[in-house]
Amino acid sequence: MTDAAAPDNTARFTGLAETYAKHRPGYPAEALAAVAAYWAERPGVPRLLADIGGGTGISTLAMMAALAEAGGAPWAARVVEPNDDMRAQAEAAQADRPDVGAVKGTAEALPFADAEVGLLMAAQAAHWFDRPRFYAEAERVLAPGGVLLILYNNRELYDDPLMAEFETLVEDAVAGYRRDYRTWDLLSEVRALDWAGDVTEIVHPWTWRLSPEGFAGLMLSRSKMTPYRNFHGEAASRAAILDLARRHAAADGRVDVRYKTQAVCSRR
């Protein structure tokens with residue numbers, strides 16, 4: 001059994017950026033449309049989206065599309081990402097988008113002026129933050145009426161047979177790894193912020209169908225898989241995941257990965 005020790009949070013995705021950009025899912029349009037509708041209830045705040053820990057820009061571009069679909073004045077966006085590899089992928093993905101930029105920065109020291117941001121988003125990222133410091137920075141940079149959005153694509157870790165077997169495989173192989181490492185009462189945590197009002201949770205269940213090869217790529221894009229991959233080697237790790245996925249494949253050769261997208265919104 002290998003150990004779950006991993007790089008510091010800024011370096012976790014070094015070397016994984018291309019795999020991450022290729023294999024990670026987007027976000028359901030229905031969930032993001034609900035976020036855009038929530039934001040629109042309070043007009044007059046800046047149309048600047050800041051995506052904190054925005055990685056390769058998947059969540060930024062998805063949210064920008066939802067905001068554009070909702071109509072009104074145009075938005076600008078900034079991906080805030082401390083990891084150089086991930087940020088380079090974000091810059092490449094939005095090279096033709098003058099309205100979207102990427103800057104180096106952290107959740108605990110946001111590179112924005114006071115009350116500059118209208119929608120502050122953390123997607124698949126808040127569990128890496130020093131969240132008390134992040135929430136203090138969110139209060140500072142959000143304009144009055146601006147929205148804090150914490151967004152997750154949460155896989156079904158127990159009730160989905162494929163994911164349950166996969167998670168057991170990793171728990172048995174990596175000391176200290178637990179499938180629920182990012183599970184906490186997010187809704188209660190945001191409600192406890194003395195500046196956060198109108199706290200709302202949006203939950204949207206959905207299923208992603210993909211090939212066994214796509215499933216292996218998805219799982220190997222996770223930084224938590226680095227100890228497993230380092231111990232077994234890239235080829236053996238991929239082969240083990242492919243074998244598992246093929247045993248769970250449907251007649252058409254594809255597998256289902258069940259998600260619940262969770263969006264917790266609050267207003268400054």
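What the table shows:
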item: Output for region 152-164, where each listed residue is in a loop (DSSP other than H, G, I, E, B), over 17 Å from ARG247 (Cβ atoms) and in contact (Cβ under 8 Å) with a residue 60 or more places away in the chain; result: GLU156, ASP159
item: Test for ALA138: is it of a type outside the set (Val, Ile, Thr), at pLDDT below 95 and out of contact with any helix residue (DSSP H, G or I) (no Cβ under 9 Å at 6 or more places or on another chain); result: no
item: Inter-residue pairs, beta-carbon under 6 Å, first more than 12 Å from LEU149 (Cα to Cα) and in region 189-213, second among the β-branched types (Val, Ile, Thr), 6+ apart; result: ARG191/VAL199; HIS204/THR261; TRP208/VAL257
item: The listed residue being in contact with a helix residue (DSSP H, G or I) (Cβ under 7 Å, 6 or more places away or on another chain) and of a type in the set (A, V, I, L, M), out of ALA95, ALA36, ALA65; result: ALA36
item: Residue among ALA93, ALA21, ALA40, ALA102 that is hydrophobic (A, V, I, L, M, F, W, C) and at pLDDT 90 or above; result: ALA102
item: Whichever residue in region 107-127 is outside any loop (DSSP other than H, G, I, E, B) and surrounded by fewer than 20 Cβ atoms within 10 Å (Cβ to Cβ) and, among such residues, is modelled with the lowest pLDDT; result: HIS127
item: Looking only at region 170-186, and only at residues there that are over 20 Å from the mean Cα position of the chain (by Cα) and surrounded by 15 or more Cβ atoms within 10 Å (Cβ to Cβ), the one that is farthest from GLU116 (Cα to Cα); result: ALA173
item: Residues located in region 177-218, provided they are closer than 30 Å to ARG238 by Cβ and of a type in the set (Ser, Thr, Tyr); result: TYR177, TYR181, THR183, THR207, SER211
item: MET86 vs. criteria within 20 Å of LEU218 (Cβ to Cβ) and crowded, with 24+ Cβ neighbours inside 10 Å; result: yes
item: Positions within region 169-199 being at pLDDT 95 or above and not acidic (Asp, Glu), in sequence order; result: LEU186, LEU187, SER188, VAL190, ARG191, ALA192, LEU193, TRP195, ALA196, GLY197, VAL199
item: Members of region 228-268 that are on the phi > 0 side of the Ramachandran plot and modelled with pLDDT under 95; result: GLY233
item: Flag for GLU81 being in contact (Cβ under 8 Å) with a residue 24 or more places away in the chain and surrounded by fewer than 20 Cβ atoms within 10 Å (Cβ to Cβ); result: no
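Every residue, every condition in (1) crowded, with 20+ Cβ neighbours inside 10 Å; (2) not hydrophobic (A, V, I, L, M, F, W, C), yes or no:
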position: TRP195; (1), (2): no, no
position: VAL203; (1), (2): no, no
position: GLY217; (1), (2): no, yes
position: LEU220; (1), (2): no, no
position: SER223; (1), (2): no, yes
position: ALA240; (1), (2): no, no
position: ARG247; (1), (2): no, yes
position: ARG254; (1), (2): no, yes
position: ALA263; (1), (2): yes, no
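The values are calculated or read from the model by the stated rules, or taken from the named source; none is laboratory data. Small disclaimer: the values here were computed from a predicted structure and weren't measured. In this analysis, Cβ positions are derived from the backbone assuming ideal geometry, glycine residues included, and neighbour counts consider all displayed protein chains.
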